[in-house]
Amino acid sequence: GAGVSQTPSNKVTEKGKYVELRCDPISGHTALYWYRQSLGQGPEFLIYFQGTGAADDSGLPNDRFFAVRPEGSVSTLKIQRTERGDSAVYLCASSLQGGDYEQYFGPGTRLTVT
Amino acid sequence: TQLLEQSPQFLSIQEGENLTVYCNSSSVFSSLQWYRQEPGEGPVLLVTVVTGGEVKKLKRLTFQFGDARKDSSLHITAAQPGDTGLYLCARKLAGTYKYIFGTGTRLKVLA
């Protein structure tokens, strides 16, 4: 079956602009995670959704970052007033449920802020 | 600390050699996951270890969880170019759904 997909695969934007990154999880997976991976680092947790609700958003770095999952499937990560420090690969993962279930990662969106 | 430290950071070896990479923490964790990530892709789960002292094998890969559940190792026997990638360890923080990843070991196996 189809895996986790993310669009766009690459996004270049100017400092100060707004961007949206989309994640399509595996069908039937209720849990969805967003991570950020900077060059040479491991993924850094941003937010976890169980269904439509953000059960843990403690990893969002500041209020410029926001994520939604209105119908419990597709999720969008939104970044306002982008800064050069936001440049990274943004990874999405889904799992059947939250907790100890295996996470399946998408290929990521590479965001470059110029 | 909740950090996971991985060593070495980089490793370049010839095909056929053996290697071991490490994942360490100063705190006890209930379980640990190992992932491999290839360029342009997301991490893929290799194994989850749960019990102190546990050893799991996946073809030429051997995973060990330390007795005190503060460290883990991944040993690759007779490495092949297809083993090239970023190896990450990760743990779930107790009582949360939040996963912490190590900084990774970047392995390159030369033919």
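Taking the conditions exactly as written (outside any loop (DSSP other than H, G, I, E, B), closer than 30 Å to A:S9 by Cα and more than 14 Å from chain A (Cβ to nearest Cβ)), does B:S12 satisfy them or not?
On the way: outside any loop (DSSP other than H, G, I, E, B): yes; closer than 30 Å to A:S9 by Cα: yes; more than 14 Å from chain A (Cβ to nearest Cβ): yes.
In short, yes.
So B:Q64 passes all but one of these: (1) open to solvent by 20 Å² or more (accessible area, probe 1.4 Å); (2) closer than 19 Å to A:G42 by Cα; (3) of a type in the set (S, T, N, Q); (4) assigned to a strand (DSSP E or B). Which condition number does it fail?
Here B:Q64 meets the rest and fails (2).
Please give the number of the condition A:T30 fails out of (1) over 14 Å from the mean Cα position of the chain (by Cα); (2) open to solvent by 90 Å² or more (accessible area, probe 1.4 Å).
Answer for A:T30: the failing condition is (2).
What strands (runs of 3 or more DSSP E) completely inside chain A contain at least 3 residues that are aliphatic (A, V, I, L, M) and within 11 Å of chain B (Cβ to nearest Cβ)?
Per the criteria, A:88-95.
Which residue is nearest to the other protein chains (Cβ to nearest Cβ), if the candidates are limited to region B:84-98 and must be touching a residue at least 24 places away in the same chain (Cβ under 8 Å) and not in a strand (DSSP E or B)? Show your work before the answer.
Step one: filter region B:84-98 for residues touching a residue at least 24 places away in the same chain (Cβ under 8 Å), giving B:84-94.
Subsequent filtering for residues that are not in a strand (DSSP E or B) retains B:84, B:93-94.
Numbers: B:T84: 16, B:L93: 9, B:A94: 11 Å.
This residue is B:L93.
Being at pLDDT 95 or above and open to solvent by 20 Å² or more (accessible area, probe 1.4 Å) narrows it down to one of A:R110, A:R69, so name that one.
After ruling out the rest, the residue left standing is A:R110.
Of the residues that sit in region A:72-107 and are hydrophobic (A, V, I, L, M, F, W, C) and closer than 20 Å to A:Y18 by Cβ, which one is surrounded by the fewest Cβ atoms within 10 Å (Cβ to Cβ)?
That would be A:V74.
Among the numbered criteria (1) within 24 Å of A:G99 (Cβ to Cβ); (2) more than 11 Å from every other protein chain (Cβ to nearest Cβ), which single criterion is violated by B:Y22?
Here B:Y22 clears every test but (1).
So the check is Cβ under 7 Å with 6+ separation or different chains; which pairs have a first residue in region A:1-25 that's open to solvent by less than 80 Å² (accessible area, probe 1.4 Å) and a second one that's of a type in the set (A, V, I, L, M) and assigned to a loop (DSSP other than H, G, I, E, B)?
A:G3/A:I26; A:V4/A:I26; A:C23/A:V4; A:C23/A:V74; A:D24/A:V4; A:D24/A:V74; A:P25/A:V4
Any idea which of (1) over 10 Å from the mean Cα position of the chain (by Cα); (2) open to solvent by less than 60 Å² (accessible area, probe 1.4 Å); (3) within 14 Å of chain A (Cβ to nearest Cβ) is the one B:W34 doesn't satisfy?
For B:W34, the failing item is (1).
Determine which single condition A:G85 fails, assuming it passes every other condition in (1) in contact with a Pro (Cβ under 8 Å, 6 or more places away or on another chain); (2) more than 20 Å from B:I100 (Cβ to Cβ).
Going through the list (1) in contact with a Pro (Cβ under 8 Å, 6 or more places away or on another chain); (2) more than 20 Å from B:I100 (Cβ to Cβ), A:G85 breaks only (1).
Would you call B:V28 within 11 Å of chain A (Cβ to nearest Cβ) and on the phi < 0 side of the Ramachandran plot?
No.
Which ones in region B:99-111 are touching a Cys at 6+ places or on another chain (Cβ under 9 Å) and facing another protein chain (nearest Cβ under 8 Å)?
Correct list: B:F101, B:G102, B:G104.
Can you list residue pairs whose Cβ atoms sit under 9 Å apart, with the first residue in region B:39-53 being modelled with pLDDT of 95 or more and assigned to a strand (DSSP E or B) and the second being acidic (D, E) and open to solvent by 40 Å² or more (accessible area, probe 1.4 Å)? Count only pairs 6 or more apart in sequence or on different chains.
Here the result reads B:V44/B:E38; B:L45/A:E102, each pair linking region B:39-53 to a residue that is acidic (D, E) and open to solvent by 40 Å² or more (accessible area, probe 1.4 Å).
The values are calculated or read from the model by the stated rules, or taken from the named source; none is laboratory data. Just so it is clear, the model here is predicted, and its values are computed rather than measured. Every residue, glycine among them, receives a Cβ derived from its backbone with ideal geometry; neighbour counts consider all protein chains shown. Each accessible area value is taken on the protein alone, full model and side chains, heavy atoms only, with ligands, DNA and RNA left out. Shrake-Rupley method; radii C 1.70, N 1.55, O 1.52, S 1.80 Å.
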